[in-house]
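Q: Okay, handing you the structure first.
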Amino acid sequence: MPQTSVNVIALHAALDAARQAKGLSWRELARVLNLSPSTLSRLSNGHNPDVNAFAVMVQWLNVPAEQFIVTEDDDEETGDEPDLVAQLGPLLRARKDLNQADIDHLEELIGSAVRLFKAQRANPAT
Amino acid sequence: MAVRWTQPKMREVALEERAELGLGPLEPLDPYQLAEQHGISVFPITALTDEAAAAAAAEYFTTVRPSTWSAALIPVGSARIIIENDSHPVPRRRSSIAHELGHFLLEHIFDNVLLTDDGCRRFDRTKEDQAKFISGELLVPWEAAKKAAFRELTNEQIADRFGVSTQFAQMRMAGARVMAQRALAKQARYR
């Protein structure tokens, strides 16, 4: 039987849209749901909620829980973002307190950290 | 949406976060534990050695330009990660991590990498002041600062107890010491 898990990216996006529509901050949403703010932060950082928290979230969203359940057979939504370093490069270059060597080296470090982060997220056991 | 943050509201957030870690206002807080609680990965730059260029960059910021920045909060989709310059002394690293977490806890919206540096050369003064304030409340809460002021603890004693630098302790204690002095002077007048 295929294993199932929560599509945390889709669940986070749904909560984000709903809370913004209601004018709530994340901390206020946590209060409304009677969850700790860190439960929602952990979701935004790719961690699965526990069963109770998941139930509270989908109930508040008023959508079927199945909408956020994925099986290992599903084409998993990867949530890949556009190349982060390419995105951030122009912003770093706009800063007058960084010289070109600083920016080049920062981009290398950010790239490395993001690769490591994605590898850890893909394989939490490592 | 942008929350209108006042000092009492930020203090409340810091106390909530400390309480979730099981800490009262008088206990030292480990900012790395707080990051973990929120699922935020912290990467010391000397651990970023998957490619030669990254290792060279870490070397650059630990030897050639060590004061350029202390920590950076980086958006990766909805996630946030922190990279830190681990060549800096531990108390400074702790306050840099708390500062970046401050931006996160206050839900500051930025499109850029947030770099904490020596001179606070940043774009948004209000957000910087808020992150500075809540990092102070996380590491040395007002309640603890008041008690320490009445007990006339030195900056060194406070730094040692809360794992901060003496400069950070001085910054946190300034207001509390003025308040304690006034309260003691008032008491003396009524004796």
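Q: What number of residues within the range B:48-78 satisfy the criterion of being touching a residue at least 12 places away in the same chain (Cβ under 8 Å) and hydrophobic (A, V, I, L, M, F, W, C)?
A: The total comes to 9.
Q: Which condition number does B:Thr49 fail, the rest of (1) closer than 20 Å to B:Val76 by Cα; (2) surrounded by fewer than 18 Cβ atoms within 10 Å (Cβ to Cβ); (3) at pLDDT 95 or above being met?
A: (3) is the only condition that B:Thr49 fails.
Q: Picking from B:Glu36, B:Glu100, B:Glu16, B:Glu107, which residue would you name as being under 26 Å from A:Ala17 (Cα atoms), among the charged types (D, E, K, R) and touching a residue at least 60 places away in the same chain (Cβ under 8 Å)?
A: Details: B:Glu36 fails: touching a residue at least 60 places away in the same chain (Cβ under 8 Å); B:Glu100 fails: touching a residue at least 60 places away in the same chain (Cβ under 8 Å); B:Glu16 fails: touching a residue at least 60 places away in the same chain (Cβ under 8 Å).
So the residue among B:Glu36, B:Glu100, B:Glu16, B:Glu107 that is under 26 Å from A:Ala17 (Cα atoms), among the charged types (D, E, K, R) and touching a residue at least 60 places away in the same chain (Cβ under 8 Å) is B:Glu107.
Q: Which numbered condition trips up B:Phe61, out of (1) within 19 Å of the chain's Cα centre (by Cα); (2) facing another protein chain (nearest Cβ under 9 Å); (3) not polar (S, T, N, Q)?
A: Of everything listed in (1) within 19 Å of the chain's Cα centre (by Cα); (2) facing another protein chain (nearest Cβ under 9 Å); (3) not polar (S, T, N, Q), B:Phe61 misses just condition (1).
Q: Filter the helices (runs of 4 or more DSSP H) completely within the range A:10-126 down to those with at least 3 residues that are at the interface with another protein chain (Cβ under 9 Å from one of its Cβ atoms) and modelled with pLDDT under 95. It would help to see each step written out before you state the result.
A: Details: elements: A:26-33, A:37-44, A:51-61, A:84-93, A:100-122.
Output list reads A:84-93, A:100-122.
The values are calculated or read from the model by the stated rules, or taken from the named source; none is laboratory data. Keep in mind it's a predicted model, so treat the numbers as computed, not measured. Note that we place each Cβ from the backbone using ideal geometry, even for glycine, and neighbour counts take in every protein chain shown.
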